[in-house]
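The values are calculated or read from the model by the stated rules, or taken from the named source; none is laboratory data. Here the structure is a predicted model, which is why all the values come from computation and not from measurement. Heads up, the Cβs are rebuilt from the backbone with ideal geometry, glycines too, and the neighbour counts pull from every protein chain shown. Side chains are part of the model used for accessible areas, which takes the heavy atoms of the whole protein and leaves out ligands, DNA and RNA. Shrake-Rupley method; radii C 1.70, N 1.55, O 1.52, S 1.80 Å.
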Amino acid sequence: MKEVKAFSSKKDLLDFINSDPALVKVTREYPFRVTSHLFHYIDGPGSPIWRQFVPSSEELLEDDGLDDPLGEEHLSPATNLIHRYQDRVLWLVTSACAAFCRFCTRKRIWNRRIVTNNSVINEAVNYIAAHGKVRDVILSGGDSFLIPAKKLEEILKGLRNIKHVAIIRMGTRLPIVHPKGVTTDKLILLQKYQPIFVMLHVNHPVELSPETVRLINHMADLGIPMASQTVLLKGVNDSFEVLKELFLSLLSLRVRPYYLLQMDVVKGTYHFRVPLSKGLQIMMNLRHNLSGLAMPHYMLDLPGGGGKIELTPSFVVKIDDEKIFFKDRSGKISWYPLVDDESDKVKSVLGVNL
Ligand SMILES: *Cc1c(COP(=O)(O)O)cnc(C)c1O
Ligand code: SF4
């Protein structure tokens with residue numbers, strides 16, 4: 001069945017944007033970019049792909065958002081490195097993205113070019129080599145899959161020469177927005193320098209197009225471990241049904257759901273923010289209905305650079321001196337015994353006052 005589309009060509013969509021002065025103003029601040037692959041799956045105003053990629057005048061509303069909500073600019077000890085946790089380093093290897101997600105935390109660097117030349121690579125590799133506690137390096141951006149294969153190999157070679165670096169991760173949305181752009185030469189590098197975990201940014205089941213599914217299957221066949229990161233987005237995936245389908249589909253594709261991310265407090269993205277209460281309620285429904293293997297952690301990156309914390313719905317209804325009481329999925333109350341006068345300790349670590 002042919003889908004009904006609002007526009008029959010990419011040009012029509014561009015004409016639509018260019019004919020609206022409010023949207024032209026938005027794109028001057030935050031440029032518009034989609035791939036022809038994505039265009040094929042844009043389904044009309046308000047649909048999941050549309051909302052994520054087509055500019056909206058809401059982006060210029062005054063809000064409580066910040067340019068650099070995670071305080072990343074202050075955590076940079078070497079060019080393009082962010083070192084917040086002792087054992088992990090985030091390395092921004094490119095500012096390029098094949099398509100621009102309107103809710104992006106790094107909107108502020110869309111217009112900035114991140115240069116990864118030999119001297120920048122050496123600086124980062126030397127920094128990591130000098131910090132023996134770093135065991136995990138996350139290549140991010142932008143989209144880390146957009147770095148040219150030759151440069152990627154220099155980075156991976158440099159990192160694999162460092163004994164204490166055990167794990168490398170690569171954050172990417174390319175398999176979703178432009179699957180053809182994931183070339184064999186890069187996949188061979190991922191095998192050669194393994195273990196490299198690919199962290200797929202995917203937000204809605206429609207993003208798992210036949211082309212994307214074929215690519216993910218191919219990557220899994222190559223033995224590339226994959227996990228997913230999903231941003232909780234108002235009007236896109238803020239529902240139990242959508243997320244259930246997404247996480248179960250990913251798991252079947254051999255992609256382990258890893259993080260469901262609460263929106264950062266980024267300027268120009270307020271219209272995507274889901275209230276915490278709703279996110280927690282969805283997590284509770286998911287936990288009651290899905291296998292733990294399909295469950296991501298619901299994460300909040302604290303404004304101001306405090307780092308990530310996990311948000312977990314509580315199933316506890318009461319704590320007394322001897323017992324802790326839980327409500328199960330049918331609403332029935334059950335209890336588990338407390339020992340060693342631990343009642344106050346349990347309350348404190350759970351952060352509840354029941
Ligand atoms: C999220 C993040 C990491 C990785 O955290 P994990 O919980 O291990 O996935 C590392 N460094 C920075 C700066 C981050 O924001
Ligand atoms: S792929 Fe990631 S970095 Fe690029 S625009 Fe989307 S959210 Fe931002």
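Remarks
- Rounded, prolate or oblate (a/c below 1.5 giving rounded, otherwise prolate when a/b exceeds b/c) for the chain by Cα gyration tensor: oblate
- Note on Ser239 and His74: the extension gain reaches 55.9 nm, defined as 0.36 nm multiplied by sequence separation minus the Cα-Cα distance.
- If R0 is 41 Å, the Cβ-Cβ spacing of Arg28 and Ala220 corresponds to a FRET efficiency of close to 0.50.
- Spin-label model distance (nm) - Lys327 vs His288, 7 Å beyond Cα toward Cβ: 0.8 nm
- Inter-part distance where region 306-348 and region 176-190 are each reduced to a Cα centre, Å: 46 Å
- Cα-based shape type of region 14-106, given that a ≥ b ≥ c are square roots of the gyration tensor eigenvalues and the cut on a/c is 1.5: prolate
- At a probe radius of 1.4 angstrom, the accessible area of the chain per residue rounds to 49 square angstrom.
- Using the Karplus relation 6.51 cos²θ - 1.76 cosθ + 1.60 with θ = phi - 60°, the per-residue 3J(HN,Hα) values for region 311-322 come to 9, 10, x, 9, 9, 7, 10, 6, 9, 10, 5, 10 Hz, with x marking Gly and Pro.
- Among 281-292, 133-144, the peptide with the highest mean count of other Cβ atoms within 10 Å heads the list, and the full ranking is 133-144, 281-292.
- Each Lys and Arg contributes +1 and each Asp and Glu -1, all at the Cβ; summed about the Cα centre of the chain, the dipole is approximately 1020 debye.
- As a ratio to 2.2 N^0.38 Å, the alpha-carbon radius of gyration for region 100-202 is 1.09.
- Inter-site label distance for Lys318 and Tyr85 at 7 Å from Cα along Cβ, in nm: 3.8 nm
- Computed over protein heavy atoms with a 1.4 Å probe, the carbon and sulfur contribution to the accessible area of the chain reaches 53%.
- Relative packing of 171-178, 339-346, which averages over residues the other C-beta atoms within 10 Å, highest first: 171-178, 339-346
- The alpha carbon centroids of region 82-159 and region 3-81 are separated by 23 Å.
- Compared with the alpha-carbon gap, the fully stretched path from Leu61 to Asp344 is longer by 97.3 nm at 0.36 nm per residue.
- Coordinate range of the alpha-carbon atoms in region 237-354 per principal axis, descending: 48, 36, 23 Å.
- With the helix formula -39500 (n - 2.57) applied to DSSP H stretches of n ≥ 4, the chain reaches a computed 222 nm mean residue ellipticity of -9500 deg cm²/dmol.
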